[in-house]
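Let me begin by presenting the structure, written as structure tokens, before commenting on it.
The values are calculated or read from the model by the stated rules, or taken from the named source; none is laboratory data. If you're wondering where the values come from, they're calculated on a predicted model, not measured in any experiment. Don't worry about glycine lacking a Cβ; one is built from the backbone with ideal geometry, like all the others, and counts go over all protein chains shown.
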């Protein structure tokens, strides 16, 4: 078991103790020794939490934790019972009663250790970065630091885990064009003809442009495969091929038949050059499939876009060489873009793009 695994198991243990043990234990008796008094606005009673950790270098503390963890894990299963954890603490010369231990873990579960105890001790390691201010040559402020630097322990991590920050919204909505009261009519003969997608007469065909990042692609259920740990199942045999969209691809092939499509197989699409055009993504925002959201994405060079099955999309506006994974095992539900007119007729139209 690696040191990172051992520390991870210790964290798992603490969470298991918090979730399964604490609620079953009575509160500490009145004669319990108070190690540290902590008050907050939502609790009038003091909580028992340790005031500090041993005054040692953090790396030395980590090494000692790993050694003592192995000694305390009697059956070697990588987890500790409550009794083994008490023995673990005694080996670290941390003296507290059984009830004090329970109170400490309960305080941690309820978030009352945030401003004191071990958290406070660890955070002092980076206090020189807290509220950091840097002045320029003219004496004016040019840079400021945040209120508090967070501690990151040595160990092995996936890069995705290192950037999972709880204070940042996990998904950022991209800019999109909204079309209300659309009507998607699939073709009865999808192998030979396309259906139609009717837009209302007041629809503005200018689509906003976004850079394809995972935060924004996620709105449409997509992601950049290079930056994702997602596991997928391919339900159909797929082919991987390079396609080059020449300068006349749109004018000589697409124009007059612009559309959107969806199908039951997944896409992978990777542009090989910077001027690669726009990949259109869309989705219905309501259960009746009447309100359609659409965004034109610029996919970063040599980054691979993953498009799940049944995602509304279009490659009509691509340029240059793209490496694409696709399948011929299912039919493609392709619809032509139509714009309603005031006289009741319809016109073919294409999307335009704007920042």
Open item on the list: When you scan the range 180-190, do you find a residue that is in contact with a helix residue (DSSP H, G or I) (Cβ under 9 Å, 6 or more places away or on another chain) and either touching a residue at least 24 places away in the same chain (Cβ under 8 Å) or surrounded by 11 or more Cβ atoms within 10 Å (Cβ to Cβ) (or both), even just one?
Closed with: no
Open item on the list: Out of 330, 311, 354, 304, I need the residue that is within 30 Å of residue 202 (Cα to Cα) and either touching a helix residue (DSSP H, G or I) at 6+ places or on another chain (Cβ under 8 Å) or surrounded by 13 or more Cβ atoms within 10 Å (Cβ to Cβ) (or both). Which one?
Closed with: 311
- [ ] Identify, by number, the condition in (1) assigned to a loop (DSSP other than H, G, I, E, B); (2) modelled with pLDDT of 95 or more that residue 306 doesn't meet.
- [x] (1)
Task: Test result for residue 235, more than 30 Å from residue 129 (Cα to Cα), in contact with a helix residue (DSSP H, G or I) (Cβ under 7 Å, 6 or more places away or on another chain) and touching a residue at least 40 places away in the same chain (Cβ under 8 Å) - done: no
Open item on the list: Can you tell me how many residues within the range 151-179 are in contact (Cβ under 8 Å) with a residue 60 or more places away in the chain and either under 20 Å from residue 354 (Cα atoms) or assigned by TED's automatic domain parsing to the domain that holds residue 228 (or both)?
Closed with: 6
- [ ] Tell me, please, whether a residue that is free of Cβ contacts under 8 Å to residues at least 24 places away in the same chain, closer than 26 Å to residue 347 by Cα and either in a loop (DSSP other than H, G, I, E, B) or within 24 Å of the chain's Cα centre (by Cα) (or both) can be found in the range 286-302.
- [x] yes
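Every residue, every condition in (1) at positive phi; (2) surrounded by 15 or more Cβ atoms within 10 Å (Cβ to Cβ); (3) over 14 Å from the mean Cα position of the chain (by Cα), yes or no:
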residue	(1), (2), (3)
205	no, yes, yes
223	no, yes, no
226	no, no, no
232	no, no, yes
240	no, no, yes
Task: Among (1) at pLDDT 70 or above; (2) farther than 30 Å from residue 283 by Cα; (3) surrounded by 14 or more Cβ atoms within 10 Å (Cβ to Cβ), the one test that residue 129 misses - done: (3)
- [ ] Only one of these is at pLDDT 95 or above and farther than 19 Å from residue 321 by Cβ: 243, 203, 272. Name it.
- [x] 203
Task: Residues that are outside any strand (DSSP E or B) and either over 22 Å from the mean Cα position of the chain (by Cα) or surrounded by fewer than 17 Cβ atoms within 10 Å (Cβ to Cβ) (or both), drawn from the range 261-285 - done: 264, 265, 272, 273, 274, 275, 276, 278, 285
